[in-house]
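Take a look at the structure set out below.
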Amino acid sequence: MILILDLGGKFSRFLGRRIRESQVYCEIVPYNHSIDKIKAKKPEGIIISGGIPTDVAIAEELDKGIFDLGVPILAIGYGARIMNGIHGGTTTMPSAFDYDFRKVDADKGSMLFNGLDEGLSLWLDDEYVFDTIADGFKTIATHNDGVVGIGDGSNKFYGLKFHPEIEESKDGNEIIDNFLFKICNCDRQWDMREFIDDSIEYIRAKVGDGKALCALSGGVDSSVAAVLVHEAIGEKLICVFVDHGLLRKHEREQVEEIFREQFHMNLITVDAKDRFLGKLKGVADPEQKRKIIGEEFIRVFEEEQKKLEDIGYLIQGTIYPDVIESGIDGKVAVKSHHNVGGLPEDMDFEILEPLRQLFKDEVREVGRLLGISEEIVARQPFPGPGLGIRVLGEVTEEKLEIVREADHIYRDEIKKAGWEDRIWQYFAALPDIRTVGVSHGKRTYTYTIALRAVNSIDGMTAQWVKIPLDLLEKISTRITDEIPLVNRVVYDITSKPPGTIEWE
Ligand code: XMP
């Protein structure tokens, strides 16, 4: 395994996914992880990655003991600056910096660049400049005569100012593979088929004769977790799907068809639409709506659980990004994550999280290997409170029906145009306004539909998608033609920040 010491930012996650793609298992831990914990993991190599350039405290908190472990170390980006500093070298930082793919001349004698061409194209930023190189290190890569890579003579420690883990970087990918396979001597052992086999064996042994309960939402993570556990314990897994009346068109039927008919799973559907709509009556505030939906979900789930006996385990679809400890500001904070939005604390279960080691792409691969259809596996994110936060203001059955229909038309046209794979998340929302329009020569005073489409990596930031105008026109025409209570369609051209992805 490879251990990534995370200096913050997004680089560690890119790197983690990149290494797993090379079939090597890796874990991401904060930069201030203690040396004892690092040793216990028995890494074959360590990577110090990413970072926020202004934070100087990091160098002090990083345990210098890692350089005495006899394990190869690759320091990337800001990590290389820290490693150089720890060994006595100096760097300075410019007032502003820029980044792009740039030409790098690499030392062919260095094992890191073994087999690569002379002039490489690598993602380089000039967030700092090497003034003096640390004792025992030499230059192994340059850009315009400036140092961008250093290494100690013994082929053990490397520092790179550029980012080889960037997805589009072919040369960078080879550099990472050289580190993994030629320097750390890793084997290609991380394989999703093996993961499935091992997990099934583990879950079977763990659950034993007891039963497990899973709150199935129909989203990627809970679906894959449920099918994996079902493979292991079959009938002993009971899934509960709560229909809160805030689902998209055909969603309930689709979930029932896939899990009950195709996988023959023990699935309980709870028809709780009236309960949820009753609680939401007269409530317009988004946070209050979220709270009501979350709490009601728990109540419904609790009631179902009380009807069942011998439940020893609760299955949750937690995945690795939810687990990664955030080391950005030195706080070792593990983000607590509940797929079902916070379960009651007095439940007498053990929690089983079969996907907690996996990145999202890996979860999808496991899902495909288990035979789950693309409809589920490639599904876009959908918020727990569902359409409840896409009907802005008070939620009524009439408004839900409008937004559900508009969303259905939107999805249908995007799919037909072949744009589905090009958009990370898209949906229709119903603003709480009515506007004047005209239809068949008569004045109308009806609703407006807002269309949103964004691309994003993790939902933290997002860019609005430039859907072709003729496609938008087609969607708009269909929505106003087919939904009598809508006379206007608008397209949201706001990125995040300053907007959020959802409107509420
Ligand atoms: P925002 O609107 O915060 O959304 O930019 C970021 C991502 O999170 C989803 N989202 C939610 N997911 N419960 C959820 O499970 C929620 O209350 C919730 N609010 C937003 C949103 O769809 C987007 O993918």
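The values are calculated or read from the model by the stated rules, or taken from the named source; none is laboratory data. Values in this document were obtained by computation on a predicted structure and should not be read as measured data. Cβ placement follows ideal geometry from the backbone for every residue including glycine, while neighbour counts extend to all protein chains displayed. We work out accessible area using only protein heavy atoms, side chains counted, and drop any ligands, DNA or RNA first. Shrake-Rupley method; radii C 1.70, N 1.55, O 1.52, S 1.80 Å.
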Cα centroid separation - the stretch 212-238 against the stretch 402-420, whole Å = 29
message = What does DSSP give for the stretch 194-377 in terms of the percent of beta bridges that are antiparallel, rounded to the nearest 5?
response = 10
Point-charge dipole on Cβ atoms (K/R +1, D/E -1) for the chain, about Cα centre, debye to 20 = 940
Cβ-placed point charges (K, R +1; D, E -1), dipole of the stretch 2-183 about Cα centre in debye, nearest 20 = 580
From phi via Karplus (6.51, -1.76, 1.60), per-residue ³J(HN,Hα) for the stretch 10-16 in Hz, x at Gly/Pro = 9, 4, 4, 5, 4, 4, x
remark   = The distance between the Cα centres of the stretch 98-119 and the stretch 1-40, in whole Å, is 23
query = Under the rule of -39500 (n - 2.57) per DSSP H run of 4 or more residues, summed and divided by the residues of the chain, what mean residue ellipticity at 222 nm is obtained, to the nearest 500 deg cm²/dmol?
reply = -9500 deg cm²/dmol
query = For the chain, with every protein chain kept in place, what is the accessible area per residue (1.4 Å probe, Å²)?
reply = 45
inquiry  = With a 1.4 Å probe and all protein chains left in place, how much of the accessible area of the stretch 194-377 comes from carbon and sulfur atoms, in whole percent?
reply    = 46
remark   = With +1 at each Lys and Arg Cβ and -1 at each Asp and Glu Cβ, the charge dipole magnitude of the stretch 116-159 around its Cα centre, to the nearest 20 debye, comes out at 240
ask   = With the dipole of the stretch 194-377 worked out from charges on the C-beta (+1 for Lys and Arg, -1 for Asp and Glu) around the Cα centre, which of Ser373, Val300, Val220 lies farthest toward the positive end?
value = Val300
key: Antiparallel bridges, percent of DSSP beta bridges restricted to the stretch 1-90 (to nearest 5)   = 0
query = With Cβ to Cβ distances under 12 Å as the rule, what net charge do the other residues near Met1 carry (K, R +1; D, E -1)?
reply = 0
request  = Round to the nearest 10 and give me the degree value, 0 to 90, for the angle of helix 397-416's Cα axis relative to the longest principal axis of the chain.
outcome  = 50
inquiry  = Compute the angle between helix 286-307 and the longest alpha-carbon principal axis of the chain, please, reported from 0 to 90 degrees and rounded to the nearest 10.
reply    = 80
note = the chain: relative contact order from alpha carbon pairs under 8 Å, six or more residues apart, as a whole percent, is 11
task = Would you please put 379-387, 401-409, 165-173 in order of how densely packed they are, using the mean number of other Cβ atoms within 10 angstrom per residue and starting with the highest?
result = 401-409, 379-387, 165-173
ask   = Could you give the angle, 0 to 90 degrees to the nearest 10, between helix 192-207's Cα long axis and the longest principal axis of the Cα atoms of the chain?
value = 70
query = Over the stretch 41-112, what is the mean sequence separation of C-alpha contacts under 8 Å (at least six apart), divided by residue count, expressed as relative contact order in percent?
reply = 34
message = Under a crude label model (7 Å from the Cα following the beta-carbon direction), how far is Asp63 from His264 in nanometres?
response = 5.0
ask   = So what's the gap between the Cα centers of the stretch 240-254 and the stretch 438-499, to the nearest angstrom?
value = 24
